[in-house]
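Reviewing the structure listed below.
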Amino acid sequence: MTRFASLAIAALFAAAAFPVVAQTPQFAKPDDAIKFRQDTLKELQKNFKRVADMAGGRDPFDAKVAEESAQRAAELIKQPWVAFGPGTEGGKAKPEIWREQDKFKDLAGKAEVEVAKLAVAAKTGNLDTIKASLGAAGASCKACHDSYRNR
Ligand code: ASC
């Protein structure tokens, strides 16, 4: 084997052994994972609500705040899912999450897509454009909560 080939193979093994560790939060115990997902989902909710309150006329429209909040929501919604790993049942999460991983991940992915669309809409600075994508984004949050969150 050439020196390059052996280095390349060593690099592949290293990549397989340490998958995306750098970006992924590690949880020492299940409660840490539960706290992380609750914190990120709560902050997501705050940002989403800020936009929804403007769209619903409960707050005056501020295009910059709407854009920043929707952008922050789109970043936050990518984060909680890693904290629903094996053995982290608890909080308001229904046990079905761990029995229906494919459906759970599918709903989470759809919510990511809809909130990303809301962030794109908010970039226009146009309230009607924001309103047009808010319904689908809210429905995508609700779909997951209806199936997988205890009240
Ligand atoms: C929120 C929130 C949700 C969604 C959803 C919209 O503010 O916490 O889960 O909006 O209720 O239907």
Test set (1) at pLDDT 95 or above; (2) more than 16 Å from the ligand (Cβ to nearest atom); (3) within 18 Å of the chain's Cα centre (by Cα) - Asn47 fails condition number:
(2)
Pairs, first closer than 9 Å to Ala70 by Cα in the range 42-55, second acidic (Asp, Glu), C-beta under 8 Å, six or more apart:
Arg50/Asp59
Taking the range 55-69 and keeping residues in a helix (DSSP H, G or I) and within 13 Å of the ligand (Cβ to nearest atom) leaves Ala55, Ser69
Those residues that are loosely packed, with under 15 Cβ neighbours inside 10 Å and of a type in the set (Gly, Ala, Ser), I need them from the range 88-113; list them, please.
Gly90, Gly109
Filtering helices (runs of 4 or more DSSP H) wholly in the range 72-151 for at least 3 residues that are within 16 Å of the ligand (Cβ to nearest atom) and within 13 Å of the chain's Cα centre (by Cα) gives 101-123, 127-148
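The values are calculated or read from the model by the stated rules, or taken from the named source; none is laboratory data. The structure presented is a predicted model; accordingly, all values stated were derived computationally and were not measured. Cβ coordinates were reconstructed from backbone atoms using ideal geometry, including for glycine residues, and neighbour counts include every protein chain displayed.
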